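Colleague: This is the structure I have questions about; it appears just below.
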Amino acid sequence: MSTFVLVLATGIGLGALYFLVASGLSLIYGLMHVLNFAHGVFLTLGAFIGWEAAQRMGASGWVAFAASILIGGIVGTVFATLTELALIRPLYERHIEQVLVTVGLAFASVALFEGIWGSDPLYISGPAWLDETTSLLGARIPNVYFVLMIAATLLLASLIVFLRYTRFGMIIRAGVENRAMVTALGIDVKKSFTLVFAIGGSAAGVGGVLAAHYTGYVSAHLGQGLLIFAFIVTVIGGLGSLAGAAIASVLVAVLQQFANYYLSGTGDLIVVVALAVVLLARPRGLLGRRPA
Amino acid sequence: MTELTRRYGVAVGGIALVTLMALLPLLNISLPGILPTPTYQPGALAMLSLAMVFAALALSYNMLLGTGGMLSFGHALYFGAGAYGLGIILENLGVPLWPGIVLALVGGLAISLVTGAISMRVTGIPFAMVTLAFAQAGSVLVRRNSSVTGGEEGLALETDHVPDWLVGVANTRNLYWATLAVLVVVYLVAVWVDRSRLGHLARASRENELRMRVLGLEPTRAKLVLFVLAALAASLSGIAYMLLQSGTVPRAVSADLTITVLVMVVLGGVGYRWGAILGGVLYTVLDQRLTVLAGSDAIAGLPSILRVPLSEPLFLLGTMFILVVLFLPGGIAGTAHTWLDGRRRGRSHDQLSDLEADSEENRTPVETRQS
């Protein structure tokens, strides 16, 4: 029983991490139909700069931890915003080329990160509490999983509030629904393009710092490794659907952890099989909208 | 008539080029800065062979992206299937090389048929993501099952059953000719695909799949055949890679390699066969030369703000790729065609924008399937 709870909790924690990446991807795809291959490097850069910041402030304190999360988020936001303005915007409406440009950015950035921080993983340390465990129903669950769950829940809640109750949120929702119509009404949708990139980037940057605490190290490939699972999550959840991404994140990660534990480490494969099954049974994903 | 003369000219030029390439190992040509040694020595031949392997792989990818309009992020899976397939078969089944190659190709065929059929449930960007996921699964399988694949260490070629004339540095010449043969075969397949009914159908459905369906044609089947053919060509390149390098590493099935191939094809020019070949060769040469440059004293002496980026070849290639996508949408071949031939103005631009029209329209077939 306690093992079951432990595996379930690690699954939900990992799902929370997936959601931090997948939420941005899903929003960007929903509004702009851009598959953002560079999303992983937003995360990696957030993790690296967050790590640098924490190092300078004394890595084991709570203040350093909070600062690294804040800085990671800011770095992700700035990087993503600049990417949208400099690379995505000039290729307006040319979706394949936009994807290619993000591929190139990811390619170049990973190489640059290796040049700056080296190709070996940098081991990190945070507040001691993160490495301790809390007993829940007899299972000893590492505290970092709770931090991940809280972060993802906060993100989901604030995204829902933002999308429901603010003017920009309304424009984004309307843009996902029918962008031509929003443009025809005289609303500058381009601003919301930059905005979704900024939101996605900040979630990825925060996710980067947390992912580094989750895995215990930062490396130049941290983000791109997670990105593949985030892609799978967004396809299974239904492209462009935030709720779908949230549900699929948890489902996929829990499935993955259970397969890793009970089926001798086959989690990654099971996830791909799950993707194939979803595509065969329901090509638009769990909550994807029926094409109009 | 002019079209016929042009084709004739292209064929003659192609044969002349292949003859020249075939004669290179017998000549003493030095290209300092590009080739590490004169052309008759193993160093230069090995590098040219690798360039041709990647040119063949890029050509196979161009069949998918250029002809079929399918943006796949999992093409490395089939390259790896060829390389690892041959390695595993030679090590475990004890068959001679030629049946081994056939078996490896059959393996590539089976994998591409299954993964292709599933991936084609979706089109456009979701298709790209799904192919990526399959390649990732392949990559995980290779890394995990180290008893069969050698894991991170890679798999060395079992040479007991490989003919002697294909083994060892002394026989680099023969390997070079074998690779040239592979490139020619893949090129001829690409030409055939582009001129056949299959290619016409694939191109037409790239433009407007719904219209093809209304005409009673089966674009999905044509695209699957194209996908499998491209995968087979990639497997063949993988087999050549395995023989050439006497082994393979997990990178041969990684998403990294797919992206590398994508970079080659886009640099060269999507939709142009010679562009793909040029892209493959250019990438290989640049990668090798930039690595040498990165280790040179001139770079080591620079301040770190210049030294760090300049000592990362992939950073420079990635940046170049971004610049090409932003400013030369047709790649090298597309831009050259636009300049050389005013009558075809705009074509270079069309290749990629066609794909976009495609990604928009591709949503329609999904509807028709579901309603």
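Colleague: Taking each residue in B:325-338, count the Cβ atoms of any other chain within 10 Å of its Cβ, then average. What number comes out?
Modeller: The shielding value for this peptide is 2.
Colleague: On a 1.4 Å probe surface of the protein chains, which of B:TRP98, A:TRP51, B:TRP165, A:TRP129 comes out largest in accessible area, and what is the full order?
Modeller: So the residues, ranked largest to smallest area, are B:TRP98, B:TRP165, A:TRP129, A:TRP51.
Colleague: Now for a different question. If amide H atoms are built 1.01 Å from N in the plane of the peptide, which residues on other chains or at least 5 residues away come under 5 Å of the amide H of A:TYR217?
Modeller: Correct list: A:ILE124.
Colleague: Mind computing the radius of gyration and Dmax over the alpha-carbon atoms of chain B? Å is fine for both.
Modeller: Here Rg and the maximum Cα pair distance are 20.9, 66 Å.
Colleague: Might you work out the accessible area of B:MET63 for me, using a 1.4 Å probe with all protein chains in place, and round it to the nearest 10 Å²?
Modeller: 0
Colleague: Oh, and also: Is there a simple number for the mean count of other chain Cβ atoms within 10 Å of the Cβ of residues in B:307-316, and what is it?
Modeller: 4
Colleague: Hey, can you list the DSSP H helices of chain B whose Cα span along the axis is 18 Å or longer and whose average Kyte-Doolittle score is at least -0.5?
Modeller: B:2-23, B:42-62, B:76-92, B:97-119, B:124-144, B:172-195, B:219-245, B:255-268, B:273-294, B:313-327
Colleague: What is the spin-label model distance, in nm, from B:ARG195 to B:GLU152 if the labels are put 7 Å beyond Cα along the C-beta direction?
Modeller: It works out to 5.0 nm between the two label points.
Colleague: Within segment A:2-31, find all residues whose amide N lies under 19 Å from a label point positioned 7 Å from the Cα of A:TYR262 along Cα-to-beta-carbon.
Modeller: A:2-15
Colleague: Give me the Kirkwood hydrodynamic radius of the protein assembly as shown in Å, from all C-alpha pairs, to one decimal place?
Modeller: Across the protein assembly as shown, the inverse of the average 1/r is 25.9 Å.
Colleague: Counting only protein chains, not ligands or nucleic acids, how are A:TRP117, A:TRP62 ordered by accessible area (probe 1.4 Å), most first?
Modeller: The residues order as A:TRP62, A:TRP117, largest area first.
Colleague: How high is the relative contact order of segment A:1-129, given as a whole-number percent (alpha carbon pairs under 8 Å, six or more residues apart)?
Modeller: 28
Colleague: For chain A, what is one quarter of the convex hull surface built on the Cα atoms, given in nm²?
Modeller: 15.7
Colleague: If B:VAL53, B:VAL169 are ordered by their accessible area, calculated over protein heavy atoms with a 1.4 Å probe, which sequence runs from highest to lowest?
Modeller: Order by accessible area, largest first: B:VAL169, B:VAL53.
Colleague: For labels at A:LEU185 and B:VAL167 in the simple 7 Å Cα→Cβ model, what's the distance in nm?
Modeller: It works out to 7.3 nm between the two label points.
Colleague: I need to check one value: relative contact order of chain A, counting alpha carbon pairs closer than 8 Å and at least 6 residues apart, in percent.
Modeller: 36
Colleague: Is any helix in chain A, taking whole DSSP H runs, at least 24 angstrom long along its axis by alpha carbon and on average at least 0.0 on the Kyte-Doolittle scale, and which ones?
Modeller: Qualifying helices: A:2-32, A:39-56, A:62-83, A:95-117, A:143-165, A:189-215, A:242-262.
Colleague: Between B:LEU31 and A:ALA128, how many nm apart are label points set 7 Å from Cα along the C-beta direction?
Modeller: 6.3
The values are calculated or read from the model by the stated rules, or taken from the named source; none is laboratory data. These figures come from a predicted structure and were not determined experimentally. Every residue, glycine as well, gets a Cβ built from its backbone with ideal geometry; the counts of neighbours run over all protein chains shown. Heavy atoms of the whole protein, side chains included, go into the accessibility calculation; ligands, DNA and RNA do not. Shrake-Rupley method; radii C 1.70, N 1.55, O 1.52, S 1.80 Å.
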